[in-house]
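A.B. asks: Just passing along the structure, written as structure tokens.
The values are calculated or read from the model by the stated rules, or taken from the named source; none is laboratory data. None of these values were measured; they are calculated from a predicted model. A quick note on method: Cβ atoms are made from the backbone with ideal geometry, for glycine too, and the neighbour counts reach across all protein chains shown. Ligands, DNA and RNA are stripped out before the accessible areas are found, and what is left, the full protein with its side chains, is counted by its heavy atoms. Shrake-Rupley method; radii C 1.70, N 1.55, O 1.52, S 1.80 Å.
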Amino acid sequence: MSSVSNIPPSKFSESGRTMRYDNAPLDEVEHIPCRVFRHATQASQAVAQQIAALIRTREGEGRPCVLGLATGSTPVGVYNALVEMHREEGLSFRNVVTFNLDEYFPMQPHELQSYVRFMREHLFDHVDIDPANVHIPDGTLDEADIEDYCRRYEQAIQDVGGLDLQLLGIGRTGHIGFNEPGSGRNSRTRLITLDRMTRRDAASDFFGDENVPRRAITMGVGTILDARQVVIMAFGEGKARITAEAIEGEVSSLVAASFLQDHPSAQFFIDEAAAESLTRRRAPWTLGKVKWDETQTRKAVIWLAQQVKKPILKLTEEDYNEESLQELVATRGSAYEINLQVFRDLQSTITGWPGGKPSHQKQPGDRSRALEHIFPKRVLVFSPHPDDDVISMGGTLIRLVDQGHQVHVAYQTSGNIAVFDDDAIRFAEFAAEYNRHFGIDPDRTAELDSHIDEFVKNKQPGQVDSPEVQFIKGLIRRTEARAATRSCGVPAEQLHFMDMPFYETGRVRKKPLGEEDIQITMDLLNEVQPHQIYCAGDLSDPHGTHRTCLSAVLNACNRLKDEAWYQESEVWLYRGAWQEWGPHQVEMSVPLSPQELMRKRAAIFKHESQKDKALFPGPDPREFWQRAEDRNHATAQLFDALGLAEYEAIEGFVRWKGDMDSVL
């Protein structure tokens, strides 16, 4: 294992520039071996195969296979793959003994948020494991009994020979299990108080952070480190920073995952999004030779400009040399030529006509764009939740409408779980008063009014809403979406409410993407036959809905790629609600004026149920309109700093090139 004294990327020299690794080998920078996969599904499959091989090896040796298991969205793909191996390949769990990392305290095993229930739903109920071999921390204990229980939990692990493999995710604070910042290297299974950030991240599962238990029982860092193998997984842009800190930073109790640097057989399995902050992705030229294609050159030049705080066209050969980019200059030509190439490349992404400019509007020097001969275009904007369209690409949406294109918006889910109970009561009261005033079915109105009032009054934290309450909440989101797009100029008949089945569980935890979801998406695409398709490309949504919705669209597009209408169609991915595209990734930059930004804000404000305080805000405390504006401002400011034109705000897009059909 490499020394942890290497300088991490966050350290600075006296001059203020980031200190270089001077072409250090990868294993001197990354202190935990790391496998990067293009998609989370591929990483999950690889982990499942490793676990399956271990199970079979132990079975052949006549020994039990002892697994430490984790919960949360990250390992679900692993469990799905293991269940499939059990069904299709006969993988047996008869010789498997499991110990789960943690459980909330207090927590009843039947509750929606219980890790007992989670493990049964995702794994144990679908394989042939002996229930006597399953161990999950007990959230029903009297507090006075917990210390002795934790001691016996540790002993039970030792009695079966210790953990063969421990499966982990990583929290935004770097916690593994519930070992929050400050947890020591030698800590053991114990009751712990949850960090505020951890509780905020769990709020969606409990329908509000006020319902999240303040404590949990967790294996300790020392317990985890005793495992013979450790596999830790991280997916999505939201885990990129903490993943890099755990792998490349110093060992610290403030980031419990960093203790794995001292484990002889620990491995990270991550997708490309979670790898973005690693030096191998962020600045691979500091580690050795790279292939200097157009994409890598653009990324390096933008990185260099940010490092030395200069516009692109002012970068000198000395700047390139001093920041480990000598090879780029030697390979691609002079600094001047490289600067000009990247500057023009970035400049070419900027367009005020996202749907293309008609010939009668052309000005001298205007660049031609793909499919520009088609005007006006049919445009289909897919919005995972009823507000993602205006939050993430509201300015572009307004431009497309104002410039004469036929814009359709498809709301992929109802968003009904993200509405406060008080709003449901308020709208039910409005409907009841309305019906009474106009004499509309008073008996049924009174019956529904009473049901809504009684149900909400007696509702338990995390309880699934009744069908009537779910409908009212979905109707609130639907009318808000109509109001928002009406303010953008989209006709009501061009709105499509898909209500994809995977979402309609009444719970934060959704069903897997199914064939029916993809078929609904294909039917809509065939109906509209759009020339431009926009869909959410941010994978940092903590609830996973964006990821599932994107997968549905890309699967549908791949199946329809031979259709005649699809030959004159392109797919653009937007971000904004949870994350933004990096400047090296953006392929279309749509600038917004101050007036357009205000129109975008006004459209977002129409989603009143999400205003002031959203039910599921995720880890970002800002309101959605603030997040969007801050990100749009930041992109514009970055373009300005790189020496491009100065705009009020910019929305960025990346074109999908048909090279992936699933991002789950």
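A.B. asks: Take segment 426-455 and flag every residue that is open to solvent by 40 Å² or more (accessible area, probe 1.4 Å) and either under 18 Å from residue 208 (Cβ atoms) or of a type in the set (Ser, Thr, Tyr) (or both).
C.D. replies: Result: 426, 434, 450.
A.B. asks: In segment 144-178, what count of residues is obtained for those that are at pLDDT below 95 and either more than 24 Å from residue 112 (Cα to Cα) or part of a helix (DSSP H, G or I) (or both)?
C.D. replies: Qualifying residue count, segment 144-178: 2.
A.B. asks: Just need a number here: residues in segment 327-356 that are touching a residue at least 12 places away in the same chain (Cβ under 8 Å), closer than 17 Å to residue 311 by Cα and of a type in the set (Phe, Trp, Tyr).
C.D. replies: Residues flagged as touching a residue at least 12 places away in the same chain (Cβ under 8 Å), closer than 17 Å to residue 311 by Cα and of a type in the set (Phe, Trp, Tyr) within segment 327-356 amount to 1.
A.B. asks: In this structure, is residue 88 assigned to a helix (DSSP H, G or I) and within 32 Å of the chain's Cα centre (by Cα)?
C.D. replies: yes
A.B. asks: When only residues in segment 406-416 that are surrounded by 23 or more Cβ atoms within 10 Å (Cβ to Cβ) and not aliphatic (A, V, I, L, M) count, which is nearest to residue 624 (Cα to Cα)?
C.D. replies: So, considering only residues that are surrounded by 23 or more Cβ atoms within 10 Å (Cβ to Cβ) and not aliphatic (A, V, I, L, M), the one nearest to residue 624 (Cα to Cα) is 415.
A.B. asks: Could you check segment 189-298 for strands (runs of 3 or more DSSP E) lying wholly inside it with 1 or more residues that are farther than 26 Å from residue 136 by Cβ?
C.D. replies: 266-271
A.B. asks: Would you check which residues across segment 156-194 are surrounded by fewer than 21 Cβ atoms within 10 Å (Cβ to Cβ), within 25 Å of residue 417 (Cβ to Cβ) and in contact with an Asp or Glu (Cβ under 9 Å, 6 or more places away or on another chain) and list them?
C.D. replies: Result: 172, single match.
A.B. asks: Right, next: Just to verify a result, which residue in segment 347-393, among those that are within 14 Å of residue 572 (Cα to Cα) and of a type in the set (Gly, Ala, Ser), is modelled with the lowest pLDDT?
C.D. replies: 370
A.B. asks: Picking from 231, 221, 212, which residue would you name as being under 16 Å from residue 102 (Cα atoms), of a type outside the set (Ser, Thr, Tyr) and in contact with a strand residue (DSSP E or B) (Cβ under 6 Å, 6 or more places away or on another chain)?
C.D. replies: Just a single option satisfies the conditions, and that option is 221.
A.B. asks: Look at residue 564 and say whether it is over 26 Å from residue 203 (Cβ atoms) and without any contact (Cβ under 8 Å) to a residue 12 or more places away in the chain.
C.D. replies: So residue 564 passes the test.
A.B. asks: While we're here: Given the options 470, 519, name the one that is open to solvent by less than 70 Å² (accessible area, probe 1.4 Å), in a helix (DSSP H, G or I), free of Cβ contacts under 8 Å to residues at least 60 places away in the same chain and of a type outside the set (A, V, I, L, M). Quick ask: steps written out before the conclusion?
C.D. replies: Working: 519 fails: open to solvent by less than 70 Å² (accessible area, probe 1.4 Å).
Among 470, 519, only 470 is open to solvent by less than 70 Å² (accessible area, probe 1.4 Å), in a helix (DSSP H, G or I), free of Cβ contacts under 8 Å to residues at least 60 places away in the same chain and of a type outside the set (A, V, I, L, M).
A.B. asks: Here's something else I'd like to know. Just wondering, is there one or more residues in segment 96-115 that are open to solvent by 10 Å² or more (accessible area, probe 1.4 Å), more than 20 Å from residue 51 (Cα to Cα), assigned to a helix (DSSP H, G or I) and touching a Phe, Trp or Tyr at 6+ places or on another chain (Cβ under 9 Å)?
C.D. replies: yes
A.B. asks: So which of 564, 603, 556 ends up being touching a Cys at 6+ places or on another chain (Cβ under 7 Å), within 25 Å of residue 530 (Cα to Cα) and modelled with pLDDT of 95 or more? So that I can check it myself, show each step before the final result.
C.D. replies: On the way: 564 fails: touching a Cys at 6+ places or on another chain (Cβ under 7 Å); 556 fails: touching a Cys at 6+ places or on another chain (Cβ under 7 Å).
One residue alone meets the criteria, 603.
A.B. asks: Do we find a residue being crowded, with 18+ Cβ neighbours inside 10 Å, among the hydrophobic types (A, V, I, L, M, F, W, C) and either farther than 28 Å from residue 208 by Cα or under 29 Å from the mean Cα position of the chain (by Cα) (or both) anywhere in segment 456-465?
C.D. replies: no
A.B. asks: Return yes or no: is residue 492 open to solvent by less than 20 Å² (accessible area, probe 1.4 Å) and of a type in the set (Gly, Ala, Ser)?
C.D. replies: no
A.B. asks: Got a number for residues in segment 426-455 being of a type in the set (Gly, Ala, Ser) and either within 38 Å of the chain's Cα centre (by Cα) or part of a loop (DSSP other than H, G, I, E, B) (or both)?
C.D. replies: Result for segment 426-455: 3.
A.B. asks: Among the residues of segment 293-308, which ones are in contact with a Phe, Trp or Tyr (Cβ under 9 Å, 6 or more places away or on another chain) and open to solvent by 20 Å² or more (accessible area, probe 1.4 Å)?
C.D. replies: Filtering segment 293-308 for residues in contact with a Phe, Trp or Tyr (Cβ under 9 Å, 6 or more places away or on another chain) gives 296, 300-301, 303-304.
Selection gives 296, 303.
A.B. asks: Looking at segment 290-309, can you tell me whether even one residue there is within 30 Å of residue 194 (Cα to Cα) and under 28 Å from the mean Cα position of the chain (by Cα)?
C.D. replies: The answer is no, given that none of the residues of segment 290-309 is within 30 Å of residue 194 (Cα to Cα) and under 28 Å from the mean Cα position of the chain (by Cα).
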